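*Asks:* My questions will all concern the structure given below.
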Amino acid sequence: MKNAEKEQRYFGRGSAPMDLEIKRAKGSLIWDVEGKKYIDFLGGSGVGCLGWGNSEIEMRMRSADIPTYVYPNFRYKRWGDLAEKLALITPKHLTTSFRTTGGSEAVEAAMQVAMMYTGRKKFLSIEGSYHGNTIGAISLGASENQKKFTNLLSGCEKISPPLDQNALDRIEGLLKNNEFAAFIMEPVICNLGVLIPPEEFMQTLYQLCKSHGTLLVMDEAISGFGRTGKLFGSEHYDIQPDMMVLDKAISGGYAGIGALIVTDEIASVVNEKVGLYSTFGWHPLGVEAAIAIVDILLTDTENLFANVEANSSLFASELQKMEFHQEPEIRVKGLAIGVDVKDQQYAQDIKKRGVEKGLLMNTENSSLTFFPALNINRETVLEGLSLLRNIL
Ligand SMILES: Cc1ncc(COP(=O)(O)O)c(C=O)c1O
């Protein structure tokens with residue numbers, strides 16, 4: 001039985017797969033089982049921050065002298081090492097990491113921590129957003145999920161873009177009764193086609209949350225670890241989030257791992273009380289990968305961020321020159337890139353033709369999205385953009 005048939009018969013999915021069966025990957029390139037090469041602008045939706053098959057990470061993981069597994073209620077030196085490093089690289093008021101296996105679990109943890117810390121049960125988030133796949137995270141995401149599930153959490157309100165004064169007025173109206181435990185959003189909304197919130201919105205949101213005792217949670221699942229040209233997307237704004245969700249690029253794809261990092265003040269209330277037991281959270285392999293990623297980001301900072309900046313400008317200028325059916329809206333923050341082509345079917349067609357021609361990208365409604373590796377080289381960017389030009 002061919003694998004496609006086998007998957008169809010035995011393997012459950014949330015939606016139909018792309019027409020590509022992967023065999024291997026190196027850097028920003030992927031090969032399928034027939035040996036066809038693809039330029040990877042998708043980057044596993046932000047997971048592959050340092051490219052696939054990164055020799056330094058692989059060498060470190062191979063040579064790590066680590067146990068098979070650590071029972072969550074033991075102590076383990078590398079947990080302390082990683083938590084210390086995360087405290088070092090995230091904004092300095094964030095200090096204490098809770099371990100998770102990925103982003104959904106970290107979002108769920110943020111909700112539990114916010115409920116315990118504030119004694120409140122309502123949540124506010126951005127309409128149409130995506131924060132993961134637990135019932136809590138789905139309740140924060142797009143309201144249209146209510147069509148699929150009739151028993152999502154009550155008390156989850158949404159703010160629809162555009163993120164302008166009207167949106168702020170609505171937030172103020174909702175927060176004023178001091179009932180909301182937390183406001184959660186991506187600082188650069190990668191799951192809405194790389195929607196970049198205006199400075200004014202984030203600043204006022206931060207002040208509103210502060211004055212009404214609502215915790216501000218930045219979901220950095222995609223925007224973290226250098227994606228937007230700063231270590232964390234939140235750093236583009238003058239805000240101090242109370243918690244941050246970390247995921248995806250934290251392991252570069254080498255293992256499933258995520259984290260929720262919170263302030264000292266929050267930790268002093270919830271630590272050792274909130275539970276958050278996770279059988280596979282911070283598995284030793286994931287911890288080694290995450291430590292390697294942080295070390296590389298810290299030692300190779302200048303080169304990596306120079307590369308992000310140069311290729312970010314290259315994407316922006318080349319995309320401007322391309323002829324889409326309608327004038328697109330091009331949104332670029334570092335190597336988080338969204339191109340709203342204003343027509344969902346057209347975006348889907350471009351993505352499908354991309355697979356045929358050997359260029360991988362994603363779509364979000366009517367936007368094409370690209371999250372290439374931070375160390376992608378100029379030649380590969382130009383080769384991928386040339387394929388895109390041909391597709392158009
Ligand atoms: C912003 C955001 N938050 C949370 C999640 C959920 O992460 P995971 O799939 O690791 O559970 C995702 C996944 O795509 C995400 O993009």
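*Asks:* Pairs please, first residue from the stretch 256-274 and closer than 22 Å to ALA290 by Cβ and at pLDDT below 95, second anywhere and surrounded by 24 or more Cβ atoms within 10 Å (Cβ to Cβ) and small (Gly, Ala, Ser), Cβ atoms under 9 Å, 6+ apart in sequence or on different chains.
*Replies:* Close Cβ pairs (under 9 Å, with a partner that is surrounded by 24 or more Cβ atoms within 10 Å (Cβ to Cβ) and small (Gly, Ala, Ser)) amount to VAL274/ALA109.
*Asks:* Across the stretch 80-136, which residue is nearest to the ligand (Cβ to nearest atom) among those that are free of Cβ contacts under 8 Å to residues at least 60 places away in the same chain and acidic (Asp, Glu)?
*Replies:* GLU108
*Asks:* Filter the stretch 97-116 for residues that are open to solvent by 30 Å² or more (accessible area, probe 1.4 Å) and not charged (D, E, K, R) and give the result. Step through it out loud before you land on a result.
*Replies:* First pass over the stretch 97-116, keeping only residues open to solvent by 30 Å² or more (accessible area, probe 1.4 Å): 99, 101, 104-105, 108, 112, 115-116.
Across the stretch 97-116, the qualifying residues are THR101, SER104, GLN112, MET115, MET116.
*Asks:* When you go through (1) touching a Gly at 6+ places or on another chain (Cβ under 6 Å); (2) among the polar types (S, T, N, Q); (3) not in a loop (DSSP other than H, G, I, E, B) one by one for ASN178, which number turns out not to apply?
*Replies:* The failed condition is (3).
*Asks:* Quick check on the stretch 302-315. Is at least one of its residues more than 18 Å from the chain's Cα centre (by Cα), over 30 Å from TYR76 (Cα atoms) and of a type in the set (Val, Ile, Thr)?
*Replies:* There is no residue in the stretch 302-315 that is more than 18 Å from the chain's Cα centre (by Cα), over 30 Å from TYR76 (Cα atoms) and of a type in the set (Val, Ile, Thr).
*Asks:* Can you tell me which residue is nearest to GLU105 (Cα to Cα) among those in the stretch 199-251 that are basic (Lys, Arg) and within 16 Å of the ligand (Cβ to nearest atom)? Step through it out loud before you land on a result.
*Replies:* Filtering the stretch 199-251 down to residues basic (Lys, Arg) leaves 210, 227, 230, 248.
Narrowing further to those that are within 16 Å of the ligand (Cβ to nearest atom): 227, 248.
Values: ARG227: 21, LYS248: 12 Å.
Top of the filtered list is LYS248.
*Asks:* When GLY141 is evaluated against the numbered criteria (1) within 11 Å of the ligand (Cβ to nearest atom); (2) open to solvent by 10 Å² or more (accessible area, probe 1.4 Å), which criterion, by number, is the only one it fails?
*Replies:* Unmet for GLY141, out of (1) within 11 Å of the ligand (Cβ to nearest atom); (2) open to solvent by 10 Å² or more (accessible area, probe 1.4 Å): (2).
*Asks:* Find the residue count for the stretch 17-45, including only residues that are assigned to a strand (DSSP E or B), surrounded by fewer than 17 Cβ atoms within 10 Å (Cβ to Cβ) and in contact with a helix residue (DSSP H, G or I) (Cβ under 6 Å, 6 or more places away or on another chain). Quick ask: steps written out before the conclusion?
*Replies:* First pass over the stretch 17-45, keeping only residues assigned to a strand (DSSP E or B): 22-27, 29-32, 37-40.
Within this subset, residues satisfying the condition of being surrounded by fewer than 17 Cβ atoms within 10 Å (Cβ to Cβ) are 22-24, 26, 31-32, 37.
When the remaining residues are screened for being in contact with a helix residue (DSSP H, G or I) (Cβ under 6 Å, 6 or more places away or on another chain), the result is none.
Summing the residues that are assigned to a strand (DSSP E or B), surrounded by fewer than 17 Cβ atoms within 10 Å (Cβ to Cβ) and in contact with a helix residue (DSSP H, G or I) (Cβ under 6 Å, 6 or more places away or on another chain) in the stretch 17-45 gives 0.
*Asks:* Sticking with this one: Check the stretch 302-314 and report whether any residue there is at pLDDT 95 or above, more than 17 Å from GLY229 (Cβ to Cβ) and open to solvent by 60 Å² or more (accessible area, probe 1.4 Å).
*Replies:* No, every residue in the stretch 302-314 fails to be at pLDDT 95 or above, more than 17 Å from GLY229 (Cβ to Cβ) and open to solvent by 60 Å² or more (accessible area, probe 1.4 Å).
*Asks:* Here's something else I'd like to know. Output the residues belonging to the stretch 231-245 that are touching a helix residue (DSSP H, G or I) at 6+ places or on another chain (Cβ under 6 Å) and under 17 Å from GLY48 (Cα atoms).
*Replies:* The answer is LEU231, and nothing else.
*Asks:* Only one of these conditions is not met by ILE171: (1) away from the ligand (no atom under 15 Å from the Cβ); (2) of a type in the set (Val, Ile, Thr); (3) part of a loop (DSSP other than H, G, I, E, B). Which number is it?
*Replies:* All conditions are met except number (3).
*Asks:* For the stretch 144-160, what are the residues that are in contact with a Leu (Cβ under 7 Å, 6 or more places away or on another chain), in contact (Cβ under 8 Å) with a residue 24 or more places away in the chain and open to solvent by 30 Å² or more (accessible area, probe 1.4 Å)? Can you show your working first?
*Replies:* Here is the first cut: in the stretch 144-160, the ones in contact with a Leu (Cβ under 7 Å, 6 or more places away or on another chain) are 145-146, 156-157, 159.
Filter once more, keeping what is in contact (Cβ under 8 Å) with a residue 24 or more places away in the chain: 156-157, 159.
Correct list: GLU157 only.
*Asks:* Same structure, new question: Filter the stretch 200-221 down to the residues that are within 20 Å of the chain's Cα centre (by Cα) and either closer than 19 Å to PHE371 by Cα or of a type outside the set (Val, Ile, Thr) (or both) and list them by number. Quick ask: steps written out before the conclusion?
*Replies:* Step one: list which residues in the stretch 200-221 are within 20 Å of the chain's Cα centre (by Cα), which gives 202, 215-221.
Answer for the stretch 200-221, where residues must be within 20 Å of the chain's Cα centre (by Cα) and either closer than 19 Å to PHE371 by Cα or of a type outside the set (Val, Ile, Thr) (or both): MET202, LEU215, LEU216, MET218, ASP219, GLU220, ALA221.
*Asks:* Being open to solvent by 10 Å² or more (accessible area, probe 1.4 Å), more than 16 Å from the ligand (Cβ to nearest atom), within 25 Å of ARG60 (Cβ to Cβ) and not in a loop (DSSP other than H, G, I, E, B) narrows it down to one of ILE296, ILE291, so name that one. Full working, then the answer.
*Replies:* Numbers: ILE291 fails: open to solvent by 10 Å² or more (accessible area, probe 1.4 Å).
None of the others qualify; the one that does is ILE296.
The values are calculated or read from the model by the stated rules, or taken from the named source; none is laboratory data. Computed from a predicted structure; not experimentally measured. We place every Cβ from the backbone using ideal geometry, glycine too, and count neighbours over all the protein chains shown. Each accessible area value is taken on the protein alone, full model and side chains, heavy atoms only, with ligands, DNA and RNA left out. Shrake-Rupley method; radii C 1.70, N 1.55, O 1.52, S 1.80 Å.
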